[in-house]
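The values are calculated or read from the model by the stated rules, or taken from the named source; none is laboratory data. No experiment lies behind these values; they were computed from the predicted model shown. With ideal geometry, Cβ positions are generated from the backbone for all residues, glycine too; neighbour counts draw on all protein chains shown. Note: areas computed on protein heavy atoms with side chains; ligands, DNA, RNA excluded. Shrake-Rupley method; radii C 1.70, N 1.55, O 1.52, S 1.80 Å.
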Amino acid sequence: MDRFKIMNAFQIKLLLAFLMLLDHLRYIHGLVTPETAAVLTLISRCVAPMFAYLAVEGIRHTRDLKKYCLRLSVWAAAVYAGNVLLNFLFRVGAGTLPEAERALLYRNSNAIFTLALGTIGIALVLWGKRQKTATGKWAYVLSAVVFCFGFLYGEWGSVVLPFMYIEYFLQDKKILRMSGYVLIEIIAVFLPWGEPFWFFVFPFIFLYNGKRGPKTKLSKNLFYLFYPIHLWVIAIINFLVVTGRI
């Protein structure tokens, strides 16, 4: 079966970035039909969980877990700050635009925040295991708090958080891992904000060969840059379209 594992992490991320871009084109008012948007959204359901899977791989292979958590947190904060600034500028620039059209402008996507929470939650459990005092138990409690917060409020949180914990802690426990997948699907079906097609991630996992690909500063940060920048560019184009500037 190893002959089918033909893609490293960098190659998979390139493909995921392309799918992400296609999905987000629906944010530009009138660019794609509702039917096309539905198809693009469907085929992109693999993106967030696959980035979550690769984040777990990053936890396993990083030389400095604290630094890895910090990098994700800094990028999440940068995305949040950029969203706030852009939304402020849109609010000022929208003028007397009707409220229904104003709603088309604002975007608050920050999936990196969810990945950061999952990574920090797992790191807390690992840190707690190394402690011989009561401090370790508090690390477990804090990890549970981070998990619950991300589950409820993180973008894709109801899938990404449990998926990351399952992939890290149940890697060698096949039955429990499969049971966890089923539980995620049940939750995804019944929650109003659930993502029932998250399981499209598994073909990508099947193709992943376990290699990280290029190890440069650009390769480490390219997708952290691409994620917010492409969303902001799309949001700006949408603002220009909705306000009649183009």
Separation between Cα centres of the range 32-57 and the range 169-246, rounded to whole Å: 6 Å
Please get the size of the charge dipole for the chain, origin at its Cα centre, with Cβ charges of +1 on Lys and Arg and -1 on Asp and Glu, quoted in debye to the nearest 20. 1200 debye
Please quote Rg/Rh for the range 1-46 to two decimal places, taking the Kirkwood radius as Rh and restricting both calculations to Cα atoms. 1.15
The chain, helix-only ellipticity at 222 nm - DSSP H runs n ≥ 4, -39,500 (n - 2.57), divided by all residues, nearest 500: -23500 deg cm²/dmol
Calculated FRET efficiency for the pair ARG130/ARG212, C-beta based, R₀ 35 Å, to 0.05: 0.85
So between PHE149 and PHE190, what do we pick up on full extension, going 0.36 nm a residue minus the alpha carbon distance? 12.9 nm
Solvent-accessible area per residue, Å², over the chain with all protein chains present [probe radius 1.4 Å]: 56 Å²
How about LYS217: which lysines have a C-alpha closer than 20 Å to its C-alpha, ignoring those fewer than 8 places off in the same chain? LYS13, LYS66, LYS67
Rg(Cα) of the range 8-128 divided by 2.2 N^0.38 Å? 1.29
Across 10 Å bins from 0, what is the distribution of all Cα-Cα pair distances for the chain, in whole percents? 7, 28, 35, 21, 8, 2, 0
A 1.4 Å probe over the protein heavy atoms gives the chain a carbon and sulfur accessible-area percentage of 69 percent
VAL39-ASP172 pseudo-label distance in nm [points 7 Å out on the Cα-to-Cβ vector]: 4.6 nm
Measure nothing fancy, just the Cα-based angle from helix 34-43's long axis to the longest principal axis of the chain, in degrees from 0 to 90, nearest 10. 20 degrees
Restrict the search to the range 1-92; then list the trypsin sites (Lys or Arg not before Pro) that DSSP places in a loop and that have at most 10 other Cβ atoms within 10 Å of their Cβ. ARG63
I'd like the Kirkwood hydrodynamic radius of the range 66-161, using the inverse of the mean 1/r over distinct C-alpha pairs, in Å. 15.2 Å
